[in-house]
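K.L.:
Below are the structure tokens for one structure; questions will follow.
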Amino acid sequence: MLGGKNILLGVTGGIAAYKTAFLVRLLIKAGARVKVVLTEGALSFVTPLTLATLSKNPVSMDFIKEEDGTLDWNNHVELALWADLMVIAPATANTLSKMAHGTCDNLLLATYLSAKCPVFFAPAMDLDMYRHPATKTAIEKLSSYGNLLIPPASGELASGLEGEGRMAEPEAILGYLQDHLAQQQPLKGKKVLITAGPTYEAIDPVRYIGNHSSGQMGFELARAAAEQGASVVLISGPSRFSVENESITLQRVVSAREMYEAALAAYADADIAICAAAVADFRPRDIAPHKIKKCTERLTLELVKNPDILETMGKMKKGQYLVGFALETENEIENAQKKLKRKHLDAIVLNSLMDEGAGFGKETNKISFIDKNLTIKPFELKSKAEVARDILHEIYQRIHT
Ligand code: CTP
């Protein structure tokens, strides 16, 4: 679950800071990448060298750093944006109060204020400090910001008193993070088949008929599905995009017929199939064995129809949730709904070339999701990564009801 995740650990000045050495080890063992930010108070309880060695990354503490005799700044914004999850453990009463009030007098707090990812905090303090209304109010405020409490355990405290206030054990903190990530993986165990990109239909050894599809929408869908726990087969026509996620098997093809063969081979096994490819509807009947010379005034190419991958999948459907794309220039909704019925789809994603910022070669897209009850859900103009998450969310809701 934590494999490949970037975890930013903020360590503040409480005795439980010594346990963060174990926490870092657990995170690294679970496959996470870990960076640590310390407050000055934490230095009394754990050394930066311990955490740097265990995390395999330099530890940051000050706004300013000195490297080779020159001064530079620790970029708290970059650090915060790097993180998939931020964990503040131990979180002292002092740091909780500062977080709740937006105080920004050290690097950890500046990083916290810059974080866009989920932020967990594991309070650690003596029981009366933990019970104090000021601490309770700070925790409530942090919860209202969407920060996630990892509650302290009860037991013997450093003061010798018994009660609530001990930082959750490193294993428990790890468990919280894993549970959180599990909730973000609604497609765990699902097999998702995606077609992407254009197809190239050869005319002769150097020329082809193609289209302007970049493949980005399909690649974003693959990435989002993998991040949500699915194992993905991505079949793409020629595209500059590549995949990094190990849960995605990328199969590159060139022509519509190659895409057809590859997609249908993977279809029987799929739970969800999304055809986002801009497949050429026609191909030259004959491919010239040699480069065609321009020795005539006219050239006529005879085109024959390519197999329709999506329509074939619709006919063969055995429980797969099948989604197509429609790119229309007129009577958009009506045409998309007709396509949905004709190809026996469960849903169709309509993107219109009429919308500025949407479609081929753009970073953004504006879609409507239409399901088989012909319910239409329009979305705002968004990045293709966000659109991919919206599409998967719509699919997920329908396969779980
Ligand atoms: N599609 C496919 N195989 C084809 C053609 C299209 O799988 N040979 C899929 C696309 O991936 C897309 C959907 O069908 O999900 C819509 O494609 P589009 O070309 O817009 O629709 P067509 O059915 O070809 O109809 P028309 O071109 O007449 O609009």
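The values are calculated or read from the model by the stated rules, or taken from the named source; none is laboratory data. Fair warning: this is a prediction, and the values are worked out from it, not measured in the lab. FYI the Cβ positions are ideal-geometry reconstructions off the backbone, even for glycines, and counts take in every protein chain you see. Just so you know, the surface numbers come from the protein's heavy atoms only, side chains and all, with ligands and any DNA or RNA stripped out. Shrake-Rupley method; radii C 1.70, N 1.55, O 1.52, S 1.80 Å.
K.L.:
Of TYR145, TYR200, which has the most accessible area with a 1.4 Å probe, and how do the rest follow in descending order?
P.N.:
TYR145, TYR200
K.L.:
Right, another one. State, to one decimal in nm, how far the label point of GLU244 lies from the label point of ASN335, with both points 7 Å from Cα in the Cβ direction.
P.N.:
Reported label-point gap for GLU244 and ASN335 is 3.7 nm.
K.L.:
Taking the simple approach of a point 7 Å from Cα along Cα-to-Cβ for both LYS136 and GLU302, what is their distance in nm?
P.N.:
Here the answer is 8.6 nm between the modelled labels.
K.L.:
Name the long-range amide H neighbours of ASN211: under 5 Å, sequence gap of 5 or more, or other chain; modelled H, no Pro or chain starts.
P.N.:
When sequence neighbours closer than 5 places are left aside, the close amide H contacts are THR199.
K.L.:
List the relative contact order of the chain as a percent without decimals, with contacts defined as Cα pairs under 8 Å and 6+ residues apart.
P.N.:
10 percent
K.L.:
Loop only by DSSP, 12 or fewer other Cβ within 10 Å of the Cβ. Give me the GluC sites (Glu not before Pro) in the stretch 321-401 that pass, ordered by residue number.
P.N.:
Values: sites: GLU328, GLU330, GLU332, GLU334, GLU356, GLU363, GLU380, GLU386, GLU394; in loops: GLU330, GLU356, GLU363, GLU380.
Hits after loop and neighbour filter: GLU330, GLU356, GLU363, GLU380.
K.L.:
Then there's this: Given only helices, namely DSSP H runs of n ≥ 4 each adding -39500 (n - 2.57), what is the per-residue ellipticity at 222 nm of the chain, to the nearest 500 deg cm²/dmol?
P.N.:
-9500 deg cm²/dmol
K.L.:
Right, something else. Give the carbon-plus-sulfur fraction of the accessible surface of the chain in %, rounded to a whole number; probe 1.4 Å, heavy atoms of protein chains only. Can you show the working numbers first?
P.N.:
Working: 10350 of 20300 Å².
Result for the chain: 51 percent of the exposed heavy-atom area is carbon or sulfur.
K.L.:
Continuing with the same structure: Which value, in Å², gives the accessible area per residue of the stretch 1-119 when a 1.4 Å probe is used on the protein heavy atoms?
P.N.:
46 Å²
K.L.:
Now, a different point. If we count every other residue with Cβ under 10 angstrom of LEU161's Cβ, Lys/Arg +1 and Asp/Glu -1, where does the sum land? The partial results should precede the final answer.
P.N.:
Numbers: positive: none; negative: ASP126, ASP128, GLU156, GLU162.
My count for the surroundings of LEU161 gives -4.
K.L.:
Once the piece of chain linking THR103 and GLU162 is laid out straight, how much longer is it, given 0.36 nm per residue of separation minus the C-alpha distance between them?
P.N.:
18.1 nm
K.L.:
For a quick check, take a GNM of the chain with Cα springs below 10 Å and name the residue from ASN373, ASN365, ASN245 with the largest mean-square fluctuation.
P.N.:
Of ASN373, ASN365, ASN245, the Gaussian network model singles out ASN373 as fluctuating most.
K.L.:
Let me ask something else about it. Which ³J(HN,Hα) values, rounded to whole Hz and listed in residue order, are derived for the stretch 27-33 from phi using the Karplus coefficients 6.51, -1.76 and 1.60 in 6.51 cos²θ - 1.76 cosθ + 1.60 with θ = phi - 60°, glycine and proline given as x?
P.N.:
5, 5, 4, 7, x, 7, 9
K.L.:
Still on this structure, please answer the following. Pull up all non-local amide H partners of LYS65: gap of 5 or more, or a different chain, and H-to-H distance under 5 Å with H placed in the peptide plane.
P.N.:
Under 5 Å from the amide H of LYS65 lie the amide H atoms of ASP72, TRP73, ASN74, each far enough along the sequence or on another chain.
K.L.:
Mind ranking 32-38, 149-155 by how tightly packed they are, going by the mean number of other C-beta atoms within 10 angstrom, highest first? Intermediate results must be reported in sequence, preceding the final value.
P.N.:
Details: 32-38: 24.0, 149-155: 15.9.
Packing proxy ranking, top to bottom: 32-38, 149-155.
K.L.:
If I histogram all Cα-Cα distances within the stretch 292-400 using bins 10 Å wide from 0, what percent of pairs lands in each bin?
P.N.:
Per 10 Å bin, starting at zero, the Cα-Cα P(r) for the stretch 292-400 comes out as 13, 37, 29, 11, 8, 2, 0 percent.
K.L.:
Additional query: Give the calculated FRET efficiency between GLN251 and SER383 to the nearest 0.05, with a Förster radius of 22 Å applied to their Cβ-Cβ distance. Walk me through the numbers before you get to the answer.
P.N.:
Values: r = 26 Å, r/R0 = 1.16.
E between GLN251 and SER383, to the nearest 0.05, is 0.30.
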